[in-house]
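Below is one structure, written out as structure tokens; comments come after it.
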Amino acid sequence: AESRVINFGAGPSALPEPVLQEAAKGLLNFDNSGIGIAEISHRSKEFSAYIAGVEQQIREQLSVPPTHSILFLQGGGTGQFSAVVLNMLARHRLLHPNLPDEERVLDYVLTGSWSKAAAQEAARLANGAKVNIAADARTLSDDGKSFDRIPPHDAYKFSKDPVLIYYCENETVSGTEFSHDEKAPESFPFELLPQGTLLPLVADYSSSFMSRPIPRLADHAIIYAGAQKNLGPAGLTIVIVRQDCIVDVDAAAKLGAVPVPTGLAYKTYAEKANMPNTPPTFAVYVTGLVLKRNAELGGLAYYEAANRRKQQKVYDVLREGEKKGVLKGHVKPGSGSWMNIVFNVLGDGAEARFLAGAEANGMKGLKGHRSVGGIRVSLYNAVTEEQVDKLVSYIRDFIAEAQ
Ligand code: PMP
């Protein structure tokens, strides 16, 4: 539609227009039921079949192995900060019932504000267990306090037999992301993890889910993401859980583990085909439409290629701007996110001018997160290459004029 602008927002974020048009029809009449998607019972045969199809689409597109279940929860990434701790503490209790609590350790890798927030929640819920910071990217930065890089492999110290090992694949605010190139120093150090055991590896994929394949997916205990970046509206949280991590939380509580609220226990969802209670029906619906479109376009291989080109174009113009002293990237080259590119525009009032000029050219959502400042360009799946080209040419003109 003509009144729509280009949305580079960090989330909730752009969705494909054909999906929105289809969703508008579904609001009036879902699957020829004569009832709109926001009105129909989640127990109806139409919706029950639909939600099972959404799960199947995720399984196929991400190649999720049969060892892992796909669960649909609510509460967002924030809910999972708590859920992963509680479910994994219960698992550890069942595995090692007699271990003193102070010998249970949760390993956290800090690469930005979201992993930091997750570690803080772990400390709140640990109930005597210890939170070990396995690596903290800030200690490597020039000022000692910025999240501006992914640590090299020799910077990690993992515990023996931890309750969980936690990382955030893409840090939406700092703009740091693990490299998927296993040989790059900025890759996740899988080779340092305990070998030959079921790894308690937990990954926050909130802002990179479905943007490209997940490396070593089968080695993860839990991978989770809110739908609201690459997949759909806010409200749906997707959790991929290896089945040994779907534990009997009540049996664990009897042995002294923290009781897990019913709505946060993975078992509740796994046992009831994802519908122990009312799921966020509209968010599930739109997510299904996006997945259907993904499959038509060529799945994750298509998005990986397109997203690779999109980020390359923006980083290229950022490097041009740096050479000319107009722009300054927040993140060390090699550690930069494909999804969220963060930089400053140098000079008094320059950022305000940059943002106003972008808006005058029909581009919004570029203001950086309040904690980091500057500019943040989010390049989720629904942002097209033409839209990126338009932004790049705006930035190039801005650089030329600023000189
Ligand atoms: N993790 C990451 C990487 C995020 O980007 C966000 C939110 N943008 C969260 C966690 C928190 O998720 P939510 O807002 O869904 O609770």
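The values are calculated or read from the model by the stated rules, or taken from the named source; none is laboratory data. Here the structure is a predicted model, which is why all the values come from computation and not from measurement. Reconstructed Cβ throughout: ideal geometry from the backbone, glycine too, with neighbour counts over all protein chains shown.
Scanning for something under 25 Å from K157 (Cα atoms) and either among the acidic types (D, E) or in contact with a helix residue (DSSP H, G or I) (Cβ under 8 Å, 6 or more places away or on another chain) (or both), does the stretch 91-98 turn up at least one residue?
Looking for residues that are under 25 Å from K157 (Cα atoms) and either among the acidic types (D, E) or in contact with a helix residue (DSSP H, G or I) (Cβ under 8 Å, 6 or more places away or on another chain) (or both), one finds at least one in the stretch 91-98, hence yes.
Working carefully through the options A90, A52, A1, A119, find the one that is out of contact with any Gly (no Cβ under 9 Å at 6 or more places or on another chain), surrounded by fewer than 20 Cβ atoms within 10 Å (Cβ to Cβ) and at pLDDT 95 or above.
Just one listed residue meets the conditions, A52.
Mind telling me which of the residues G298, G373 ends up being at pLDDT 95 or above and not charged (D, E, K, R)?
G298
Filter the stretch 187-210 down to the residues that are aromatic (F, W, Y) and within 16 Å of the ligand (Cβ to nearest atom), then identify the one that is farthest from the chain's Cα centre (by Cα).
F188
Evaluate the following for P66: is it more than 15 Å from the ligand (Cβ to nearest atom), out of contact with any Asp or Glu (no Cβ under 6 Å at 6 or more places or on another chain), modelled with pLDDT of 95 or more and part of a loop (DSSP other than H, G, I, E, B)?
yes
Just one of the numbered conditions (1) over 30 Å from E169 (Cα atoms); (2) part of a loop (DSSP other than H, G, I, E, B); (3) not β-branched (V, I, T) is not true of A10; which one?
With respect to (1) over 30 Å from E169 (Cα atoms); (2) part of a loop (DSSP other than H, G, I, E, B); (3) not β-branched (V, I, T), A10 is out only on (1).
Can you name the residue in the stretch 145-186 that is surrounded by fewer than 17 Cβ atoms within 10 Å (Cβ to Cβ) and of a type in the set (K, R) and, of all such residues, is nearest to the ligand (Cβ to nearest atom)?
K145
Name every residue in the stretch 76-90 that is closer than 14 Å to V202 by Cα, more than 11 Å from the ligand (Cβ to nearest atom) and out of contact with any Phe, Trp or Tyr (no Cβ under 8 Å at 6 or more places or on another chain), in order of residue number.
V85, L86, M88, L89 - these are the residues of the stretch 76-90 that are closer than 14 Å to V202 by Cα, more than 11 Å from the ligand (Cβ to nearest atom) and out of contact with any Phe, Trp or Tyr (no Cβ under 8 Å at 6 or more places or on another chain).
Anything in the stretch 85-120 that is over 16 Å from the mean Cα position of the chain (by Cα) and in a loop (DSSP other than H, G, I, E, B)? List them, or say none.
H96, P97, N98, L99, P100, R104
Tally time: how many residues in the stretch 32-43 are surrounded by 12 or more Cβ atoms within 10 Å (Cβ to Cβ) and more than 19 Å from E22 (Cβ to Cβ)?
2
Within the stretch 351-403, count every residue that is aliphatic (A, V, I, L, M), in a helix (DSSP H, G or I) and within 22 Å of the chain's Cα centre (by Cα). Break it down stepwise before answering.
Pass one, the stretch 351-403, residues aliphatic (A, V, I, L, M): 352, 355-356, 358, 360, 363, 366, 372, 375, 377, 379, 382-383, 388, 391-392, 395, 399-400, 402.
Now narrow it down to the ones that are in a helix (DSSP H, G or I): 352, 355-356, 358, 360, 388, 391-392, 395, 399-400, 402.
Okay, now just the ones that are also within 22 Å of the chain's Cα centre (by Cα), so 388.
Summing the residues that are aliphatic (A, V, I, L, M), in a helix (DSSP H, G or I) and within 22 Å of the chain's Cα centre (by Cα) in the stretch 351-403 gives 1.
Look through the stretch 300-335, keep the residues that are of a type in the set (S, T, N, Q) and not in a loop (DSSP other than H, G, I, E, B), and return whichever of them is surrounded by the fewest Cβ atoms within 10 Å (Cβ to Cβ). Give the steps one after another, and end with the answer.
Initially, the stretch 300-335 is screened for residues of a type in the set (S, T, N, Q), giving 307, 311-312, 335.
After this cut, where a residue has to be not in a loop (DSSP other than H, G, I, E, B) as well, the list is 307, 311-312.
Details: N307: 23, Q311: 21, Q312: 12.
Result: Q312.
Does the stretch 91-99 contain any residue that is more than 16 Å from the ligand (Cβ to nearest atom) and either more than 21 Å from D250 (Cα to Cα) or polar (S, T, N, Q) (or both)? So that I can check it myself, show each step before the final result.
Residues of the stretch 91-99 that are more than 16 Å from the ligand (Cβ to nearest atom), as a first pass: 91-99.
From what's left, either more than 21 Å from D250 (Cα to Cα) or polar (S, T, N, Q) (or both): 98.
Looking for residues that are more than 16 Å from the ligand (Cβ to nearest atom) and either more than 21 Å from D250 (Cα to Cα) or polar (S, T, N, Q) (or both), one finds at least one in the stretch 91-99, hence yes.
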